[in-house]
Amino acid sequence: MAYEVKKISPIDLQPRKAVGVSLPFSGRAVFNQTFETKEAIKTNLINYFLTGKGERFLNPTFGNALQPLLFDQLTEDKVKEIDSIVKTDIARFFPRVEPTEISTVGDPDNNTVQFFLRYKIKDTSVEDEVAINFYN
C-alpha cells in the first residue's frame, strides 16, 4: 500500500525556534512569532499584497501594483491582468509558492474589492489560502 511521505522544511525541525513574525503586530511584545514555514509564508504573502510598489524603503521593487488596478472598473480583461501580475510577482518573490486559484471580486456599492489566493508550497503537501479585502 502506497503512502505519501511528508516533507518537512529544515527550518521547521527545531520546534522552539521562531521562523518569522505574524500579522497584525499586536502581540504581548508587539510581535507574535511564527514557528512553521506555512505560517511564515502566509504572513509574508499578506505583507507583500498590502505593500505598494515603491513603498518599501531601500527596496523599491518589492510590493505589488494591485491597488491602483483594483479600483478601476473590474472587467474580464482587468481580472486577467491582475491574475497575470500576481502570478509573475509570486514567481519572482516567492519561488516556493505555486498559485492554484486566484479570484478578484469587486463590490462597487461598498467600494471594496476582495482578493483571494489559494496556493500550495512546492515540494510539500501544504496548501493554504489568503483573502484580503481592499477598501478605497
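Derivation of every value follows stated rules applied to the coordinates shown; laboratory data play no part. From a predicted model like this one, the values you see are computed outputs, not experimental measurements. Neighbour counts run over all protein chains shown; Cβ positions are idealised from the backbone, glycine included.
So, in region 57-72, of the ones that are among the aliphatic types (A, V, I, L, M) and under 19 Å from Arg118 (Cα atoms), which residue ends up surrounded by the fewest Cβ atoms within 10 Å (Cβ to Cβ)?
Only one residue tops the list, namely Leu70.
Test Leu23 against the criterion of being out of contact with any Lys or Arg (no Cβ under 8 Å at 6 or more places or on another chain), assigned to a loop (DSSP other than H, G, I, E, B) and of a type in the set (A, V, I, L, M), and give yes or no.
no
Contact list please: Cβ distance under 8 Å, first residue in region 33-56 and closer than 14 Å to Leu117 by Cβ, second residue part of a loop (DSSP other than H, G, I, E, B) and aromatic (Phe, Trp, Tyr), pairs at least six apart or on different chains.
Ile41/Phe94; Asn44/Phe94; Leu45/Phe94; Tyr48/Phe62; Tyr48/Phe94
Considering only region 73-100, state which residues are loosely packed, with under 12 Cβ neighbours inside 10 Å and more than 20 Å from Ala40 (Cα to Cα).
Gln73, Thr75, Glu76, Asp77, Lys80, Ser84, Thr88
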